[in-house]
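**Q** This is the structure I want to talk about, given as structure tokens.
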Amino acid sequence: QSTWGLVSLMKGLLCAALLVLLALAAPRASAQPASGLYFVLSPSLSSDIGEQISFLVADAANAFSNTPPVSGNSGSAQYTFSSFQYSTDFTGFSMSLGSPSSTGLTLAWAGLSLYTKFNYHIVANDWPHPSESGYVEVFTVVDVPLSAAAELSFSGPTPSLSVSSVTLNAGNNMEIFVQCTDSVCLIPVDDIAQSVAQNFVPTFEATVVKIINAQAPAILARFHTTISVPEAHLDLVLAGELSAVSGTSAIVVDVDGVFTPSPGQQPPFSPSIVPPPAAFDSIGSFGVIGTEYLLDSLMWAAQTAGDLSALTIKYTEVPAASPIQLNTSDPFFSAAVPGLAAYPRQGMDVVMNVFSWPMASIGPSGVTLDAFVVNISFVIQDTSPLTAFTLSTSLQIAAGLAATVTGSNDLAINLTVNTLSFGNASLDSSAVGAVNLEDFDGLLQLIGSFASALSPGIVVPTPKGFVLSSPSFVLQSGYFVTDAALSYEGSAPTTPCSGAAEGVCATGNVCCSWGCCAIPGGKCCASGCCPPGFSCDGTQCALGSSGSSSGSGSGSGSGSGSSSGSGSSSSSGSTSSSSSSSSSS
């Protein structure tokens, strides 16, 4: 039973860490609240994980080809869009809390490179119902900023996520090219280009918001703000929220960090210790800060649930080499309790009961459980068990904490008991006559001398993709700080690229001298890239003189327009048109 509390704590740690990575909450505007647990994520770790998740998202998007056709009626024509292709690249991930006067967290990418292509088929509603087919290309010429704002609530049985907005700051750096592939094109493709130009960004933003809000409940349903410990009849409550800490840029989740014996039952005391900002700022990568409230609630809940009652040491569990055996005829018991002679050669079990919960004190020298009362009963295991006598004493425990990394990259946490200090024993009851208490005082002190042999602990598996190193515990007055160097090595396939900030690009991207181009087979320009068949034209792309094709084409973006050959690429900031075979707007 010395391990399940730590197991629960570490499960909660992992759960909270994953929730932080998923997103984004309303920070408290007040000072840091008193809690039992705080989970701390450094900016460098959040950036590292965010970059790796970005590669996973980009790779999934680049490989996705199952978007069903989209059909509808615009009023003047019926349309069908099909054969969607996507290619993306994300760079410069960051997470930041809002200011004290605002709510939420901002999830941002400094650069999004985007390319999508799909086919279109349009049939006019008016007689003679002309039709037209072709394709549309939408792409960013240079990377553009992308950000999202959301809130995450930990107050329910499972977290709930709500994205309020997504902002794609395309500026003058997004272009739309429409190409009719029919031999005769009757519907002006510049109308199509203009419509796409006006609606792409808001449609993109609204669609991302819709998808995230639709998918979040299923993802978050796997996580719970209350972790059950059925073998101990306890719950660990992790309800809480993100909060800003003055003087540090770390992301902090303060949670209740309280053990309860049943849902809704709370201890008769409240958290009172708030670690200073320096404790949060000391976290190098990922950390857990726990206060005395966590340990106090654990002992209270365990005692209330009966987990500290009837703790039994069976006489058969005593090693044969022990100088004292739990037997009525052992020389020690024969001398200390003469009345046991009436039950010769009978084994005795020791049953311990704690009737009041101990309170914990954390300090630089270790963890101390303040003196608490323990009743110790010696039960003769005859045909009908008999409680021979019961002693009452006090017990104080002093311990230390240590953490190491195993050879398999797992985290080992051990509680090292330094001293077991027993008070003088008193006789609570006896069914066998007199008991020499001084002899038992010596026995209890002998038991206490074996404290250094007690080192209960657990091994916590490190999640796949994470590399753990150099964990440590720092004990301060009223709280402890667990700090570990944690790095994330995502499993998304990538290709090397010396020009990219991360040194790699998502699969399918083109490596340029300045970074990653999301356009398949794209042409690297000075500060951006263009699709095949286009040439670099400053911060825009223009159809090359050798890039002619049948039919007509129209391009639209957010800069100035230009056209050449039988296709054209231009911007929505101005409108121009070429010959009947191509136009742009």
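**Q** Count charges around Leu369 for me, please; just the other residues with Cβ under 12 Å from its Cβ, Lys/Arg as +1, Asp/Glu as -1.
**A** Net charge around Leu369: -3.
**Q** Next question. Tell me the carbon and sulfur percent of the accessible area for region 279-350, rounded to whole percent, probe radius 1.4 Å.
**A** Carbon-and-sulfur percentage of accessible area, whole number: 58.
**Q** Another one. How far, in nm, would the chain grow between Ala402 and Ser426 when pulled straight, counting 0.36 nm per residue and subtracting the alpha carbon separation?
**A** Here the segment from Ala402 to Ser426 would lengthen by 5.1 nm.
**Q** What length, rounded to one decimal in nm, is gained on full extension from Ile447 through to Ala60, with 0.36 nm per residue of separation minus their alpha-carbon distance?
**A** Extending this stretch completely gives an extra 133.3 nm.
**Q** Same structure, new question: With a 1.4 Å probe and all protein chains left in place, how much accessible area per residue does region 115-223 have, in Å²?
**A** Each residue of region 115-223 exposes 46 Å² on average to a 1.4 Å probe.
**Q** Cα atoms only, region 246-383: Rg and Dmax in Å?
**A** In Å, with Rg to one decimal and Dmax whole: 22.4, 72.
**Q** With a sphere of radius 15 Å drawn around the Cβ of Gly423, what net charge do the other residues whose Cβ falls strictly inside it have (Lys, Arg +1; Asp, Glu -1)?
**A** Charge balance in the 15 Å sphere: -4.
**Q** Rounded to whole Hz and in sequence order, give me ³J(HN,Hα) for region 249-264 from the Karplus expression 6.51 cos²θ - 1.76 cosθ + 1.60, θ = phi - 60°, writing x for Gly and Pro.
**A** 3J(HN,Hα) across region 249-264, in whole Hz: 9, 5, 8, 10, 10, 9, 10, 4, x, 10, 8, 10, x, 7, x, x.
**Q** Another one. Test of the criteria: in region 46-96, which chymotrypsin sites (Phe, Trp or Tyr not before Pro) are in a DSSP loop and have at most 15 other Cβ atoms within 10 angstrom of their Cβ?
**A** In loop regions of region 46-96 (DSSP not H, G, I, E or B), the sparsely surrounded chymotrypsin sites (Phe, Trp or Tyr not before Pro) are Phe64.
**Q** Also, I was wondering about something else. Put Leu446, Leu401, Leu114 in order of accessible area, largest first, 1.4 Å probe: what do you get?
**A** Leu446, Leu401, Leu114
**Q** Let me ask something else about it. Quick one: accessible surface of His129, probe radius 1.4 Å, all protein chains present, in square angstrom to the nearest 10.
**A** Approximately 90 Å² of His129 is accessible to the 1.4 Å probe.
**Q** What area, in nm² and to one decimal, does the C-alpha convex hull of region 90-224 cast on average over all directions?
**A** Spelled out: convex hull of the Cα atoms, projected over all directions, averaged, 11.6 nm².
**Q** Under the rule of at least 5 residues apart or a separate chain, name every residue whose amide H is placed under 5 Å from the amide H of Ser329.
**A** For Ser329, whose amide H was placed from the backbone, the distant partners under 5 Å are Arg345, Gln346.
**Q** If you don't mind, another one. Multiplying the sequence separation of Asp281 and Asn436 by 0.36 nm and subtracting their Cα-Cα distance, what value in nm do you get?
**A** 50.2 nm
The values are calculated or read from the model by the stated rules, or taken from the named source; none is laboratory data. Predicted, not measured: the structure shown is a model, and the values here were computed from it. Neighbour counts are summed over all protein chains in view; Cβ atoms, including those assigned to glycine, are modelled from backbone coordinates with ideal geometry. Accessible surface is based on the protein model in full, side chains and every heavy atom, while ligands, DNA and RNA are left aside. Shrake-Rupley method; radii C 1.70, N 1.55, O 1.52, S 1.80 Å.
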